[in-house]
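Worksheet: one structure, shown below.
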Amino acid sequence: MRTLLVGSLWLLAFAATASDTLRVGSHLLVAGDSAAKVRELLGRPTRVARHRTRRHGRGVVVVTPASESWIYRDSGHEITITLVDGEVAEIEQRP
């Protein structure tokens with residue numbers, strides 16, 4: 001049991017950190033900011049992943065808003081900015 005607890009704590013310590021703010025130099029990027037502001041502060045992303053999902057249920061197709069994940073890699077760190085309808089929805093940092 002103790003081994004399971006210690007293992008779980010290690011996973012939490014190295015897991016990705018999601019938040020709604022990111023300090024970039026003397027500026028702050030927050031959820032709700034535009035894609036243009038992300039581009040201004042962080043530049044061109046290393047990679048862009050586009051997401052579009054459809055859910056089917058009981059004869060109805062629901063299409064969620066298009067979203068993109070802009071991935072930035074720098075000196076061993078990865079920052080993922082998720083944009084929904086051109087606005088920052090989530091900021092995730094990985095060591």
Quick note on L83, L41, ordering by fewest other C-beta atoms within 10 Å, gives L41, L83
Per-residue Cβ contact counts at 10 Å, fewest first, order S26, S67 as S26, S67
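Each reported figure results from applying straightforward, stated rules to the coordinates on display, with no laboratory input. The structure presented is a predicted model; accordingly, all values stated were derived computationally and were not measured. Note that we place each Cβ from the backbone using ideal geometry, even for glycine, and neighbour counts take in every protein chain shown.
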